[in-house]
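*Asks:* Mind looking over this structure? Questions follow.
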Amino acid sequence: MPKNSLQKEMLAFLEDQSNRLIEDLEDFKIFLRNKTRKISESNRRCKPISASFYQSTKGTWGLSLSGSDWSVSFYIYKVKE
């Protein structure tokens with residue numbers, strides 16, 4: 001549950017990205033890191049959130065967003081072409 005404006009804005013952004021087909025994973029990683037930084041900068045009174053990616057299994061990537069007292073994790077699955 002979001003506790004401040006930064007967490008609320010970040011969660012709204014992530015919900016907007018839900019079920020999105022990603023054409024280029026590397027471009028999406030850059031986009032997400034930049035968006036996370038911009039949202040953190042626009043909410044300067046809150047502790048910033050950082051984004052990190054990790055490969056959990058073959059074809060599956062994990063995304064972790066974390067701040068001082070808040071964290072969210074997601075998985076990004078590869079879809080067959």
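Read-outs throughout are calculated quantities, based only on the coordinates presented, and are distinct from any laboratory measurement. Predicted, not measured: the structure shown is a model, and the values here were computed from it. We place every Cβ from the backbone using ideal geometry, glycine too, and count neighbours over all the protein chains shown.
*Asks:* To the nearest 20 debye, what is the magnitude of the charge dipole of the chain about its Cα centre, counting +1 on the Cβ of each Lys and Arg and -1 on the Cβ of each Asp and Glu? Don't skip to the end; give the middle numbers.
*Replies:* On the way: 14 positive and 10 negative charges, 64 e Å.
The calculated dipole for the chain is roughly 300 debye.
*Asks:* Under the classification rounded if a/c is under 1.5, otherwise prolate if a/b is larger than b/c and oblate if not, where does the chain fall, given a ≥ b ≥ c as square roots of the Cα gyration tensor eigenvalues? The partial results should precede the final answer.
*Replies:* Values: a/c = 2.13, a/b = 1.93, b/c = 1.11.
Prolate is the answer for the chain, as a/c is 1.5 or above and a/b outweighs b/c.
*Asks:* Which of Leu63, Ser18, Phe28 sits farthest toward the positive end of the charge dipole of the range 11-81, with +1 on the Cβ of Lys and Arg and -1 on the Cβ of Asp and Glu?
*Replies:* Comparing the listed Cα positions along the dipole, Leu63 ranks first.
*Asks:* Where does the charge balance sit around Phe31 when Lys and Arg score +1, Asp and Glu -1, over other residues with C-beta under 15 Å from its C-beta?
*Replies:* On the way: positive: Arg20, Lys29, Arg33, Lys35, Arg37, Lys38; negative: Asp16, Glu23, Asp24, Glu26, Asp27.
Neighbourhood net charge equals +1.
*Asks:* With Cβ to Cβ distances under 15 Å as the rule, what net charge do the other residues near Thr60 carry (K, R +1; D, E -1)?
*Replies:* Numbers: positive: Lys29, Lys58, Lys78, Lys80; negative: none.
Result for the neighbourhood of Thr60: +4.
*Asks:* Specify the angular offset, from 0 to 90 degrees and rounded to the nearest 10, of the alpha carbon long axis of helix 5-17 from the longest principal axis of the alpha carbons in the chain.
*Replies:* Between the helix axis and the principal axis of the chain, the angle is about 20 degrees.
*Asks:* Please give the helix 25-42 orientation as an angle from the longest Cα principal axis of the chain, in degrees from 0 to 90, rounded to the nearest 10.
*Replies:* Orientation of helix 25-42: about 10 degrees from the principal axis.
*Asks:* Could you name the aspartates and glutamates whose alpha carbon sits less than 18 Å from that of Lys38, not counting residues in the same chain fewer than 8 places away?
*Replies:* Correct list for Lys38: Glu9, Glu15, Asp16, Asp27.
*Asks:* From the helices alone, meaning DSSP H stretches of at least four residues, give me the mean residue ellipticity at 222 nm for the chain, per-run term -39500 (n - 2.57), in deg cm²/dmol to the nearest 500.
*Replies:* One gets -12500 deg cm²/dmol as the mean residue ellipticity at 222 nm.
*Asks:* Still on this structure, please answer the following. Ranked from highest to lowest mean number of other Cβ atoms within 10 Å per residue, what is the order of the peptides 33-41, 13-21? Display every interim value, and only then the final one.
*Replies:* Working: 33-41: 14.8, 13-21: 9.6.
In decreasing order of mean packing, 33-41, 13-21 become 33-41, 13-21.
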